[in-house]
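The values are calculated or read from the model by the stated rules, or taken from the named source; none is laboratory data. Values in this document were obtained by computation on a predicted structure and should not be read as measured data. As a convention, Cβ positions derive from the backbone with ideal geometry for all residues, glycine included, and neighbour counts pool all protein chains shown. Surface accessibility is based on the protein's heavy atoms, side chains included, excluding ligands, DNA and RNA. Shrake-Rupley method; radii C 1.70, N 1.55, O 1.52, S 1.80 Å.
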Amino acid sequence: MNGRVYLVGAGPGGPGLLTARAVELIAKADTILYDRLIGEQTLEGARVDAELLFVGKQGGGEAVPQEQTQALMIERARAGREVVRLKGGDPFVFGRGGEEALALREAGIDFEVVPGVTAGVAASAYAGIPVTHRGMSTAVALVTGHEDPSKGESELDWRALAAFPGTLVFYMGMRHLDRIASSLIAAGRPAEQPAAVVERGTFPDQRTVAGTLGTIAERARAESVKAPAITVVGEVAGLVDELQWRVVGPLAGRTVTVTRARERASELARRLAELGATVVQTPVIRTRALPGPPIDPSPYELICLTSPNGVDCLFERLDDGIHPPGDSRSLAKARIAAIGPGTARALAEHGIEVDIVPERFVAEGLVEALEQTLADGKVGRALVARASEARDVLPDALRKRGVEVDVVALYETVAEPLSDGVLARAREADYITFTSSSTVRFFLEAAGEKGLSGATRVISIGPVTSETLREHGIEPHVEAERHDIDGLIQALVTDAATQA
Ligand code: SAH
């Protein structure tokens, strides 16, 4: 049985602009073929075992030839795989989706087309430009700017475009903007008509440059606007000043590397992006549950958890022989301590309200916070459930107070392979964030001798992570005051305000 091919529009790249159908298909796909202009977060929802094939242009290099992409798609479908062919924007708007659909039809492969939010409309909207507007523009044309208008063979009819009674939106036109504008003017479009260029529309670092048809090419050059960008020509482009609605976040124009494990990175990445940062996801680590016997929590008066991942792994193994395995009720007798709010939240997802969370989210803080609990002498036996490579501060402190402690290593941290391209971008970012000692160790191991670029500012979540950085000869520029994600973001934003 042949698999099916889905020609899916991924939207213009900004967070949240995928359709629900696209999200659903990305999550199910066996194979995903994707291009360059796909938003960072788009592939996050793919299955871990999905085959991800990049078929776009790398940097200024050659793209995978169209025939090869089509052959690959057909071959995977014939092998019975569910294939998602993911394209920026809409697959049928300058996306060669039509050609691919024809090739599939010819090969006898079933396909489905999932429209996407096209860049010309989305980037305009995010810049405050309605492409149609009562009394101003009753039509909109999506035009390729790919062709060099000075060459004779241009398929574009400049007179017709100049006379078009509405808005013109040019895709792929940055290299020829000069000649596009002058050709339109020469063909009779007024030079004083408003025009705007929107670069990386809907991305956190979107930029708009506005002017008139006569000035737009010059302005775009002065601002060194680069692809991807669209150019809007028409009265509606004059609405940018009035309708501009996007708030420029405090991290706009900054690139920030996030080194956390993929499972944990998305919240931090999303929040940084919301503040305007361009996030380089560099998941240098992955956690792997360690096998082991079921854990019966009934003998413990105190259970300490030191990470959200530890919570998930604990519930996987929980079995008191009375309640069903993994049932929260088996924890009812013990007091529960969490190292910080992230861990507390993970427990809350299992219906457990923690009894103890320290003010400082490090093991030492937890020891302090436990003083009172330990003082009444009711804790005879405690369970510390954690990662295999954790420090012994907490179990040592508990033992010193006469508590019998069982330490269970629930999971280990292993390296996640990263491409050279990702590592290079990570090293060159304005900021790099470290949320644990293991992210430091594994990042530096992956980065090898090159280490960090001198210009990158290093943000550490807390003293333990900072110490690990120093052991590797790196002095963090900033250490978060609050040792959690909120604190880390706060520290970054405060620092960015002081950096030109
Ligand atoms: N199928 C896509 C277009 C692909 S052609 C769609 O429907 O959007 C590629 C061109 O799209 C780029 O050269 C640029 O002009 C435009 N483009 C794509 N993403 C963009 C973005 N986020 N902001 C501005 N223009 C974008």
*Starting from the amide H of residue 405, placed 1.01 Å from N in the peptide plane, find each other amide H under 5 Å away whose residue is 5 or more places distant or on another chain.*
382
*So who's got an amide H within less than 5 Å of the one on residue 109, skipping anything under 5 residues away but keeping other chains? H placed 1.01 Å off N, in plane.*
none
*Mean-position separation - Cα centroids, the range 466-500 and the range 201-243, in angstrom*: 35
*Let me know the shape class of the chain, please: from the alpha-carbon gyration tensor, a ≥ b ≥ c as square roots of the eigenvalues, rounded when a/c is under 1.5, otherwise prolate if a/b is greater than b/c, or oblate.*
prolate
*Over the range 121-243, what percent of the accessible surface lies on carbon and sulfur atoms, probe 1.4 Å?*
52
*asked:* Using each residue's phi in the range 156-171, evaluate 6.51 cos²θ - 1.76 cosθ + 1.60 at θ = phi - 60° and report the 3J(HN,Hα) Karplus result to the nearest Hz, with x for Gly and Pro.
replied: 6, 9, 5, 5, 5, 5, 4, 7, 4, x, x, 7, 10, 10, 9, 9
*Starting from the range 414-500, pick out the GluC sites (Glu not before Pro) whose DSSP state is loop and whose Cβ has at most 13 other Cβ atoms within 10 Å.*
481
_Listed peptides 3-10, 319-326 by packing density, highest first (mean Cβ within 10 Å)_ = 3-10, 319-326
*Give me the angle, in degrees from 0 to 90, between the Cα long axis of helix 66-78 and the longest principal axis of the Cα atoms of the chain, rounded to the nearest 10.*
50
*Built amide H within the under 5 Å cut-off of residue 223, gap 5+*: none
*Under Karplus coefficients 6.51, -1.76 and 1.60, residue-wise ³J(HN,Hα) of the range 417-432 in Hz, glycine/proline x*: x, 10, 6, 4, x, 5, 4, 5, 5, 4, 5, 8, 5, 5, 9, 10
*By average Cβ neighbour count within 10 Å, what is the ranking of 273-285, 105-117 from highest down?*
273-285, 105-117
*Could you give me the ³J(HN,Hα) list for the range 79-86, computed from phi with Karplus coefficients 6.51, -1.76, 1.60 and θ = phi - 60°, whole Hz, x at Gly and Pro?*
7, x, 8, 8, 10, 9, 9, 9
*Place +1 on the Cβ of every Lys and Arg and -1 on the Cβ of every Asp and Glu in the chain, take the dipole about the Cα centre, and give the residue among 46, 446, 323 whose Cα lies farthest towards its positive end.*
46
*Any idea of the accessible area per residue across the chain, 1.4 Å probe, to the nearest Å²?*
47
*Got the relative contact order for the range 388-500 handy, in percent, Cα pairs under 8 Å and 6 or more residues apart?*
19
*Quickly work out the residue 298-to-residue 497 label distance, labels modelled 7 Å from Cα along the C-beta direction, and quote it in nm with one decimal.*
5.5
*the range 327-399: trypsin sites (Lys or Arg not before Pro) in DSSP coil with no more than 16 other Cβ atoms inside 10 Å*: 333, 378, 391
*Considering only DSSP beta bridges where both residues belong to the chain, give the percentage that are antiparallel (nearest 5).*
30
*Can you send over the carbon and sulfur percentage of the accessible area for the range 35-101, probe radius 1.4 Å, protein chains only?*
51
_How would the range 287-414 be classified by its alpha-carbon gyration tensor: rounded, prolate or oblate, with rounded meaning a/c under 1.5 and the a/b versus b/c comparison settling the rest?_
rounded
*If a/c stays under 1.5 just call it rounded; otherwise compare a/b with b/c (prolate if a/b is bigger, oblate if not). Do that for the range 287-351, with a ≥ b ≥ c from the square roots of the Cα gyration tensor eigenvalues.*
oblate
*Could you tell me what percent of the accessible area of the range 287-414 is made up of carbon and sulfur, with a 1.4 Å probe and every protein chain present?*
49
*Relative contact order for the chain using alpha-carbon pairs under 8 Å, separation at least 6, rounded to a whole percent?*
10
*With +1 on each Lys and Arg Cβ and -1 on each Asp and Glu Cβ, and nothing else charged, work out how big the dipole of the chain is about its Cα centre, in Debye to the nearest 20.*
640
*What number, in percent, do you get for the relative contact order of the range 28-152 if the mean sequence gap of Cα pairs under 8 Å and at least 6 apart is divided by its residue count?*
22
_CD proxy at 222 nm, helix term only [per DSSP H run n ≥ 4: -39500 (n - 2.57); per residue of the chain; nearest 500]_ = -9500 deg cm²/dmol
*Given the range 287-414, what percent of its DSSP beta bridges are antiparallel, to the nearest 5?*
15
